[in-house]
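Below you'll find the structure, written out as structure tokens, and then a few comments.
The numbers here are math on the coordinates, done by the rules we state, and not lab data. As the structure is a prediction and not an experimental result, all values here were calculated from the model. Here the Cβ is made from the backbone with ideal geometry for all residues, glycine too, and neighbour counts use every protein chain on show.
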DNA sequence: GCTTGACTTCGAGCCGGCTCTAACCTTTAA
DNA sequence: TTAAAGGTTAGAGCCGGCTCGAAGTCAAGC
């Protein structure tokens, strides 16, 4: 059993963040020692690592909470749990990931649009700046 | 001369937002009427429209403030101001836009990375879900 | 017995970009 | 004359995701 700062070291999340995640419901409350200190198991650590994986996908804490509503499925599978029984959870997960991917795609389109606009504007200022430089040099080749 | 709500209608920014922009320094203080009410000119409206253009590029208020430190150059040009005199402003603007574009490109790369990761994870869950469905159907073709 | 260090809690603060409330003031029309 | 429709200000609240401060508790070592 691990303390919060040991879990912090092994997951890269600060104790602050771990407690915060607990508060907002993305992590469930761990057992406590007599003194009241949190006491985490190995499987809780791997759950958090799994969670970190989803954060890397840019998912919000809300999405992640929803994703994990049935616990850490990958672990259950590794423990040899019946695949058929997990089917609804798996379906929900592919659904959430599909939706997330669609959001990312939308974001990318949006980003490409504003990049195109930025390039346009940049080209305009660039052309003006060049014109200004020429005028300064007195060359004034055109006209 | 226009009131704040007239400017709001013509620019799509709420009076709240206009006052907020003034407070954080992206808009400069307009003239006041006797009563103390803000009184905007047409050129202030076109400045704000220009500002909206930059917002559409995803620029932060801080970047926009910096961009407009020398006023609305496009307008000065239209008013026939000497292009050579504006050269430093124009150079600064192309510089800011170039930097902004680089940031957008970085963001896009990042986004592409997490999209690839998401697709991977999705493929995995998808495969598992299919496997679970097969097991449920009793077919169990393999093994 | 006392200090030290790690834990606990609650609540506040931070970021950026608004958005709104409250209390007040001004102009205009009935 | 007074009420409604605008305007003004300072300051608070909101979002998500932390991050921290203060004050308290607890176990271990000197």
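Among B:26, A:45, sorting on how many other beta-carbon atoms sit within 10 Å of each Cβ, with the fewest leading, yields A:45, B:26.
The value obtained for segment B:26-83, namely the Cα convex hull volume divided by the number of residues, is 99 Å³ per residue.
If you bin all the Cα-Cα distances of the protein assembly as shown at 5 Å, starting from zero, the percentages per bin are 1, 5, 9, 10, 9, 9, 10, 8, 8, 8, 7, 6, 5, 3, 2, 1, 0, 0. Look at the stretch A:31-40: the mean tally of other chain Cβ atoms within 10 Å of its residues' Cβ atoms is 0. Take the Cβ atoms of residue B:60 and residue A:103, set R0 to 30 Å, and the FRET efficiency comes out at 0.85. Rounded to the nearest 500, the 222 nm mean residue ellipticity of the protein assembly as shown from helices alone is -23500 deg cm²/dmol, with -39,500 (n - 2.57) taken per DSSP H run of at least 4 residues. Compared with the dominant Cα axis of chain B, that is its longest principal axis, helix B:83-136 is turned about 20°. Sorted largest first, the spans of the alpha carbon positions of segment A:38-126 along the three principal axes are 62, 33, 19 Å. Protection proxy ranking of B:80-87, A:97-104, by the mean of other Cβ atoms within 10 Å over each peptide's residues and highest first, is A:97-104, B:80-87. Partner shielding of A:115-121 amounts to 6, given as the average count of beta-carbon atoms from other chains within 10 Å of each residue beta-carbon.
Across peptide B:75-84, the average count of Cβ atoms from other chains found within 10 Å of a residue's Cβ is 2. Here the ratio of the Cα radius of gyration of segment B:1-51 to 2.2 N^0.38 Å is 1.01.
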